[in-house]
Structures are given as C-alpha cells and as structure tokens.
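Novice: Pasting in a structure now, in structure tokens, and then I'll have a few things to ask.
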Amino acid sequence: MLTEIKNLRQSHTFIVILILAAAFRLIAAIFSKGYGMSDDHFLVIEIAQNWVDKGPGQWFDRDEPHGHSMVYPFLHYLLFLLLKGSDVTDPQTKMLVVRIIHAIYSLSIVWFGYSITRILSNKKTANQVGLMLALFWILPIMSVRNLIEYICIPPLLAGFYLALKAESTAKKSYWIFSGLLFGLAFVFRYQVAIMIVGVGFVLIFQKKWRELIALSFALAIAIFGIQGIFDWIAWGYPFAALKYYIINNIQGRLSFTTGPWYRYTLLILGVFIPPTSLLLAWGFIRSWKKFSVLWVPTILFLFFHSYFPNKQERFILPILPLFLILGTIGWNEYLKNSNFWQNRKKLHNILWIWFWIANCFLLIIVTPNYTKKNRAESLYFLSKKNDVSAVIWESYHDITPIIPRYYLVHDVPVYTYPKSKSLQSLHEEIVQIGFKPNYIIFLGGKNVEKRIEDFKLNFGSELEFLKKVNPSLIDYILFRANPKYNVNETSYIYKIISKGNS
C-alpha cells in the first residue's frame, strides 16, 4: 500500500497536491463555522439574507449608494433564494453550502499558481509552489471565508496566467481574456486596479501597444458590463458604488486601523514563517526584472497599501500567492548559483524543515477553527426557540459587538446593552419599540455574576440559565493576547422570566 502511494505521488504529483488542497479545504468548510472579520459577514451574508427576507428594493431605495460592490452579495442572494426554494432554511446548513462552494472555487488558486510557475520555471518548482498554495497554513481557512480580498484572487491569477500564455505562445487573443478576468477581479475588489495598472505600466515600458489596447478594451468591457450595468440598474447611473467607495475611503482613511508604512512588509515576513520567509523575500526581490509582469503589479499593490493610512491585515491577501510564486522561483534560481548556499545545504534543509513543521502545526490548529463562535452560536441557539419575542445583547464593554442577526433567524428586536448605556435608556428603547425581551445573552465572563444579579434587580425579573458558549481555541488565544480588540469571549444565555409569571 505504501509503495502504491509513493508511486502515485511520484507519477501524479500535482493530482496528489490537489487532493491535499481539497482535503484541508473540506475540513475548513465543515468545521470552520462563523466568520473571520466583520466585512465577510455583514457586507455579504447579512445583506444577502436581508434581500431574501425583505426584497432588494429596501436596500437600493436610498438617496446615497452603498460604497461597496453589491455583485458578490447578489450572488449569495441568488444562492439563498435557491436554497429557500429547496426548503433549506437552517442558517448553519446554508453557510455549510456557501463554504463548500468557496472551497471548490479556491482550488483554482492552486491550479493557476502551479500553471503560472510551470510557464516561468520548471515542474519541480511548480510542484513546490502548488504544495505551498495547497497547504500554506492561512489559505484553507481563508478559502471558506466571504472575504472579497480572497475572492478576487482566482480571476486575478487567471488573468496573469493568460497574460503569460500570450507571451509564451504569441497568441495576442489571450490578452483579451486576461483583461476580462482582471475586470472580474476588479468588480470583487476595487483595489486590484493598482495591480492592473502595474500590468499596463509593464506593457507601456515594453512598447507592446497592441497588447495594451486589447487588455484595456477587454478590461473596460468587463468592468462596465458587470459593475457599470449593475449600478445603473440599482442606483440609476453607472459606477455609483465605485464613486462612493472612493469618497468613503478617502474621507474615512484615518477612521480605521492605521500603522507605519512597513507594517505590511513585517506582516508578510511573519505570515510566511521567519527566518525561512527571508529566503522567499530575497527570491521575490531578485525576480523583479525577469518576471516584471507579475512583480511590478505586486510591488505597486504593496506600496499603495503601505502608504494608505487604513491598514488591516486582510487587505494584503490578494498578493500573497504572487509573493509565494515569485519568491519560490526567485529563490530556487538564486540557490543554484550561490556558492554560499551550495556549501551549506544542511542549513538550507533545516530552514525548510522548520518552515514545514511550523506551517503544519499552524495548519492543523487554524483550519478547523470556529471563528466568532460565541456570537454566532449564541444566536443560532435562540433560532431554535419558538417563543422569542426580543433579545438583549449585553456586554461589559462600552460598545457591544455587531449583532450577526443572520443566525437568529427570528425577525425580532435585539436590544444592545453595553456598559456605556444607561438602564433608563434601555427601558425607554424597549417601551418605544414595544417588544418585551424574554432572552438575554451576556457577552464575556468579566464580573458576569454581578452583571446577572444587577440585571435581575433592576428589571425585576428572574433568569433561567440555558447555555454557556465557550470561544473556539483561536478566538480564546486572540482574546487573551489582545483583549482590547478581540472580544471573542464566553457567552451566557438566559431566559428572562417576569416575577409575576414565575
């Protein structure tokens, strides 16, 4: 049996790589529930479900367009409609379907990464790149998240692949298909325009005017045909969402997480596991001239986000596969001609053994992680209750986390009750809306006994304990490491019982 597996690996290496990629992405699809950041849930899933429940009209009947592309949420809206028509209404079941679809979709990253490397280098290096794209620790879990920064990668890599095919086969028509795919990537994530401009710069420098015209024409067709027409129908004129996206980002550039210009450089070096990441970085730097059609767009994207004040880790996701591809090719070529490393093969092997040990450890820990478990699971628990009239979302923080209402299902009020909110304000809100809460979720374990007793005293109610929802392992680690910005804690679910009814 072991001999057969070894022979299969040697003769069909890339098939084995794809199987490994599919296996870990399937694990992520099944076990990695919840959502990673706010945007991947609230700007996609909540919007799509809201359209299913109330119709898209209430979203688009506004004076000011939403400053995000609605194309990707619209695809989820269509999927949710299909699932509703098939009587699939359970929120976790629907999200499982979403994650499986995304897992399958993400396999194209492995294929295009391998294929790009085959054009630029050799089969051995392509297998190395393919294996890293299949098993790099952060990619399987990102593959099943609804992050537009990740969703744009397959058409982006496909566009680069066809651009390279156009160069290697002299078939100029490939530039048209490359432009169409770049346009699709842009519709998902507007910032990839920086990378597309980088491709244009390379063509201008190389004086390839016909290729530039073909790429630009196809790009314009794709962007207008998808984003332009969609916004025209939704908001009354083309590119309305793009216009307000630019305005909102410029005006709010300092409203979010900021950092020094070198933040993303350090992030990339850290994510790719130092000190081995330094080898990839050196390989990437050395590849600038030989592989400029990939290198220039990547470095422009990195420069732009390093300069722009708003810095969030997910923003850099689109260039991770390209950094890995160019870094691996560049390093392998440097390695062959380096006397230093040729005389220190043992050290080189140790560095890569360390990389794979650390990577596999992180892969096993991170891939099945249920992110934002306490929030999603608490509301999902209440979705199974038939008597929910309203819910209180309580927290000892000054601001409560955004409520992932999708998991609650019930169209009932959810009253936020952070530390900064007075009891009088909460009472007035309940009276004004007119729905008395009969469930409360206490977010976080800090002074929870006192908070429970205070609530019982102030509301004149008894509380019946129902469930405790612990955070997932990674959520707990992140909270312990940085409790100020990671409020993924334990949740306590109680039923509110009026004393007159007890």
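Novice: Take the conditions in the same structural domain as Ala134 (by TED's automatic domain parsing) and in contact with a Ser or Thr (Cβ under 8 Å, 6 or more places away or on another chain) and apply them to Ile350. Does it pass?
Specialist: So Ile350 does not fit the description; no.
Novice: Spot the failing condition for Ser461; the list is (1) in contact with a helix residue (DSSP H, G or I) (Cβ under 8 Å, 6 or more places away or on another chain); (2) buried (at least 19 other Cβ atoms within 10 Å of the Cβ); (3) under 26 Å from Gly34 (Cα atoms), and only one is missed.
Specialist: Unmet for Ser461, out of (1) in contact with a helix residue (DSSP H, G or I) (Cβ under 8 Å, 6 or more places away or on another chain); (2) buried (at least 19 other Cβ atoms within 10 Å of the Cβ); (3) under 26 Å from Gly34 (Cα atoms): (3).
Novice: Restricting attention to the stretch 21-45, which residues are hydroxyl-bearing (Ser, Thr, Tyr) and touching a helix residue (DSSP H, G or I) at 6+ places or on another chain (Cβ under 6 Å)?
Specialist: Ser32, Tyr35
Novice: To continue, here is another question. Among the numbered criteria (1) in the same structural domain as Gly444 (by TED's automatic domain parsing); (2) closer than 25 Å to Ala28 by Cα, which single criterion is violated by Phe355?
Specialist: It is condition (1) that Phe355 fails.
Novice: Being modelled with pLDDT of 95 or more and touching an Asp or Glu at 6+ places or on another chain (Cβ under 7 Å) is the filter here, so list the residues in the stretch 151-180 that pass it.
Specialist: Listed by number, the list holds a single entry, Trp175.
Novice: Quick check on His66: is it touching a helix residue (DSSP H, G or I) at 6+ places or on another chain (Cβ under 7 Å), surrounded by 17 or more Cβ atoms within 10 Å (Cβ to Cβ) and in a helix (DSSP H, G or I)?
Specialist: Here the answer is no, as His66 does not meet what is asked.
To keep it simple, each residue is scored yes or no on (1) in contact (Cβ under 8 Å) with a residue 12 or more places away in the chain; (2) within 21 Å of the chain's Cα centre (by Cα).
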position	(1), (2)
Tyr262	yes, no
Val271	yes, yes
Thr298	yes, yes
Phe301	yes, yes
Asn310	yes, yes
Ile329	yes, no
Leu347	no, no
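To keep it simple, each residue is scored yes or no on (1) closer than 25 Å to Asp387 by Cα; (2) crowded, with 16+ Cβ neighbours inside 10 Å; (3) in contact (Cβ under 8 Å) with a residue 40 or more places away in the chain; (4) not acidic (Asp, Glu).
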| position | (1), (2), (3), (4) |
| --- | --- |
| Ile403 | yes, yes, no, yes |
| Lys419 | no, no, no, yes |
| Leu426 | yes, yes, no, yes |
| Glu453 | yes, no, no, no |
| Asp475 | no, yes, yes, no |
| Leu478 | no, yes, no, yes |
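Novice: Looking only at the stretch 130-151, decide whether some residue is acidic (Asp, Glu), in contact with a Phe, Trp or Tyr (Cβ under 9 Å, 6 or more places away or on another chain) and farther than 26 Å from Phe31 by Cα.
Specialist: Taking every residue of the stretch 130-151 in turn, none turns out to be acidic (Asp, Glu), in contact with a Phe, Trp or Tyr (Cβ under 9 Å, 6 or more places away or on another chain) and farther than 26 Å from Phe31 by Cα.
Novice: Right, here's the next one. Just checking, how many residues over the stretch 107-125 are of a type in the set (Gly, Ala, Ser) and more than 25 Å from the chain's Cα centre (by Cα)?
Specialist: Residues flagged as of a type in the set (Gly, Ala, Ser) and more than 25 Å from the chain's Cα centre (by Cα) within the stretch 107-125 amount to 1.
Novice: Out of all the residues in the stretch 98-143, which are in contact (Cβ under 8 Å) with a residue 60 or more places away in the chain, hydroxyl-bearing (Ser, Thr, Tyr) and within 17 Å of Lys165 (Cβ to Cβ)?
Specialist: Across the stretch 98-143, the qualifying residues are Tyr114, Thr117, Ser121.
Novice: Condition check: buried (at least 19 other Cβ atoms within 10 Å of the Cβ) and either under 30 Å from Ala166 (Cβ atoms) or at pLDDT 95 or above (or both). Does Leu317 satisfy that?
Specialist: Spelling it out, Leu317 is indeed buried (at least 19 other Cβ atoms within 10 Å of the Cβ) and either under 30 Å from Ala166 (Cβ atoms) or at pLDDT 95 or above (or both).
The values are calculated or read from the model by the stated rules, or taken from the named source; none is laboratory data. Being a predicted model, the structure only gives us computed values, none of them experimental. Positions of Cβ are backbone-derived with ideal geometry, glycine not excepted, and every protein chain shown enters the neighbour counts.
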